[in-house]
Amino acid sequence: MAQKTNDKNPGEKKGFFNKLISGPWFWVILAVIIFFSMSLSSLFGGASRVDTNVGLQLLNDDKAVSAKMYDGDQRVDLELKDEYTNSEGRNLGKNVTFYYVEPRATDVVKAIDDGHLDSYTDQPVENNWFLSMLNLIIPFLLIGVVFWFLMSRMGGGGSQIMNFSKSKAKKFNKDNPTVRFADVAGVDEALAELEEVREFLAEPEKFTRLGAKIPKGVLLYGPPGTGKTLLAKAVAGEAGVPFYSISGSDFVEMFVGVGASRVRDLFKEAKSNPSAIVFVDEIDAVGRQRGVGMGGGNDEREQTLNQLLVEMDGFDGTSNVIVIAATNRPDVLDPALLRPGRFDRQVGVDAPDLKGRQRILEVHAAGKPIDRRVELSSVAKRTPGFTGADLANVMNEAALLTARDGGNVIDERAIDEAIDRVMAGPQRSSRIMNEHERKITAYHEGGHALVAAALRNSAPVTKITILPRGRALGYTMVMPEDDKYSTTRHELLDQMAYAMGGRAAEELIFHDPSTGASNDIQKATDTARKMVTEYGMSSKIGSVRLTAQESDPFLGGGGGNSNNYSDALALTVDQEVAALLSDAHDEAYEILRDNRDVLDRLSFALLEKETLLENELREIFADVRKRPERSYWYSKENREPSDIPPVKAPSELEEEKKGSVPQDETEEDSIVQQPVIEPETGTVEKPATDVNPSPGLGGNGPSNGGINGGDIHNPWGGNL
């Protein structure tokens, strides 16, 4: 150990010395020291300084042998007959010097003339070329040091002063990173596209012999956390060719033209290889539509985009360079960037389906001690709408919880708690509610759950809790049995009634509603307004989309536009929205009133156990009086629905041949609808891929709400 230390020290000292002399501060300080040393040397020349009156006295007392008078410096150097000792007893030797001011020049000259000196001389001013050069150089040197300091703060080091226009892309090879296609699951379509990209680069003859051209770009788009960057890492690990990775924001700097220069440098380096892949993450940072916004910063971004367009379109037909880009916002990208010839392929990377979630869980469960009783297929069913990042977080949280509890095996309890933590946040054991608040919470959550259980088109309730978690005091989980990709009008009406269940329960039981339904009302209102203005589900309005198009180029392509319909029609829209909400509220109230005994049993069980799971809820809801089927909806009076049922699918005909007819599900394609968490503020669900009703639609993700404007304390408020 000691030997290693001794061997290491010389290298460390040498490295420190090299680092010291490589910096500009060392040379600046050295120049200043030399300057002052020479100045002092030239000023004093080794003589001891005395006061002016002492020097004149030495001349008047004939103690001086010779004198040298410096014109301009106003200094006199004396050589004495004997060594001089000052009043303090200090021996100053035979050579002394003193200074005088201009008015005393006559007295000094007279003293020298009357001093009976052996010799004296007048020394004119001599310019020291070295000092003169230093006087000129030092100001410029200081300016250079300040410039270097600013550049190093901005660019990461003095060595980058002249390299700020160089590309910041990182080059990877097949050994770094270590991610492979086998480590990616749940995105089979995107994986197939990228595997083909690898084949393009590995065996171009396979495609060119048929006249096919290698695609120049692949755009990966989709919600956050779905695995776009992970796919790029897998390509880097599998490609076997140089892989350059850079973020879109790395192209833009404060200097005009730097972004375009970095684009040129990146593609120049990429094209110097026989084959290469360029990956641009978050390309929307530089690829936004031109003409959006104003100002010099926007002009610089547009110059960078223009250069990117030129470089991508400038590849010749035999160039084996492919650009892969990732973004969460394909809607804001410039159309010229998306056209064929640049990004030939646009691959959507969405939230995985049931099988995809199970495969992702298997990938993240590898290497972890999982209890044999844990079925990952069951975990996948309980996590619809979860992205790959969410599922990775679930398995990691389960491992952390197990380690925190001192366990050695990740069991079902840890995974269940991890799912709740990812969806709703950690449990707040420190938040203590009084009995009245607990009772309000229990009836509020029970109202949501009971309405969902009584409706014909609602997903089953799988969990209710009144334990505080995250920023909510409790929540209800309504989870569909299958992945769903669309929704019907009846399902939307059921979701609005379900959202109003908490408010209806408070009105029915306590006659004094709380602010806890703030988010419920917001979500129900959003659903109703979309039904009227976007989905054409209002008889009075008709099949017309009334939502304003977000296309103002000077407002980032969104916001700021007024309604594209008249005030009279806006009044009709508001009336239709209010009517839908009123009907949903009435329906929820009627369900709770007709099932008051079930509501009381459910609330009592919640107060007693605090958390109820699906099996317990099934027993409580056994006596629920279901709502009748909704009647046909007429978009117009003369559009009477047909009584003839739809044709049967081939699979249904096969089942009939076997003698068993499958249970009739919905005649619509059902939806990827995520677990719906119902905090006391209302329904909060994980963001879905496309359409996510529960009760909000349009895939907009969880809505914020609960505390109105932040002014009113809402115990059921908070955002999940």
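Values as computed for the structure displayed
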item	result
Verdict on Gly446 being farther than 17 Å from Gly385 by Cα, among the small types (Gly, Ala, Ser), at pLDDT below 90 and touching a strand residue (DSSP E or B) at 6+ places or on another chain (Cβ under 9 Å)	no
Flag for Gln495 being assigned by the TED database to the domain that holds Glu587 and within 26 Å of Glu629 (Cβ to Cβ)	yes
Residue among Asn408, Asn434, Asn396 that alone is in contact with a His (Cβ under 9 Å, 6 or more places away or on another chain) and either of a type in the set (Lys, Arg) or surrounded by fewer than 18 Cβ atoms within 10 Å (Cβ to Cβ) (or both)	Asn396
Any hit, the range 465-487, residues being more than 34 Å from the chain's Cα centre (by Cα) and not small (Gly, Ala, Ser)	no
Positions within the range 107-116 being out of contact with any helix residue (DSSP H, G or I) (no Cβ under 8 Å at 6 or more places or on another chain) and surrounded by 11 or more Cβ atoms within 10 Å (Cβ to Cβ), in sequence order	Val109, Lys110, Asp113
In the range 314-329, residue modelled with the lowest pLDDT [restricted to those that are in a strand (DSSP E or B) and within 18 Å of Ala202 (Cα to Cα)]	Asn320
One residue from Ala234, Ala276, Ala185 being in a helix (DSSP H, G or I) and touching a residue at least 12 places away in the same chain (Cβ under 8 Å)	Ala234
Within the range 203-225, considering residues that are more than 23 Å from Arg342 (Cβ to Cβ) and touching a residue at least 40 places away in the same chain (Cβ under 8 Å), the one surrounded by the fewest Cβ atoms within 10 Å (Cβ to Cβ)	Pro224
Test for Phe343: is it under 27 Å from Pro460 (Cα atoms) and of a type in the set (Phe, Trp, Tyr)	no
Count of the range 323-382 residues which are without any contact (Cβ under 8 Å) to a residue 60 or more places away in the chain and on the phi > 0 side of the Ramachandran plot	1
Test: residue in the range 123-141 that is assigned to a strand (DSSP E or B), at pLDDT 85 or above and not assigned by the TED database to the domain that holds Ala325	no
Residue among Arg90, Arg75, Arg104 that alone is of a type in the set (Lys, Arg), without any contact (Cβ under 8 Å) to a residue 12 or more places away in the chain and either assigned by the TED database to the domain that holds Thr121 or loosely packed, with under 12 Cβ neighbours inside 10 Å (or both)	Arg90
Count of the range 416-444 residues which are within 30 Å of Asp371 (Cβ to Cβ) and not hydroxyl-bearing (Ser, Thr, Tyr)	13
Residue that is modelled with the highest pLDDT [pool: residues in the range 24-53 that are assigned to a loop (DSSP other than H, G, I, E, B) and among the small types (Gly, Ala, Ser)]	Ala47
Among (1) modelled with pLDDT of 85 or more; (2) part of a strand (DSSP E or B); (3) surrounded by 12 or more Cβ atoms within 10 Å (Cβ to Cβ) - the single one Leu56 does not satisfy	(2)
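Here's the yes/no breakdown for (1) among the aromatic types (Phe, Trp, Tyr); (2) outside any helix (DSSP H, G or I):
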position: Glu608; (1), (2): no, no
position: Leu617; (1), (2): no, no
position: Trp633; (1), (2): yes, yes
position: Arg639; (1), (2): no, yes
position: Pro646; (1), (2): no, yes
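The values are calculated or read from the model by the stated rules, or taken from the named source; none is laboratory data. What you see is a predicted model, and the numbers here were worked out from it, not measured in a lab. Here Cβ is always computed from backbone atoms with ideal geometry, including for glycine, and neighbour counts include all displayed protein chains.
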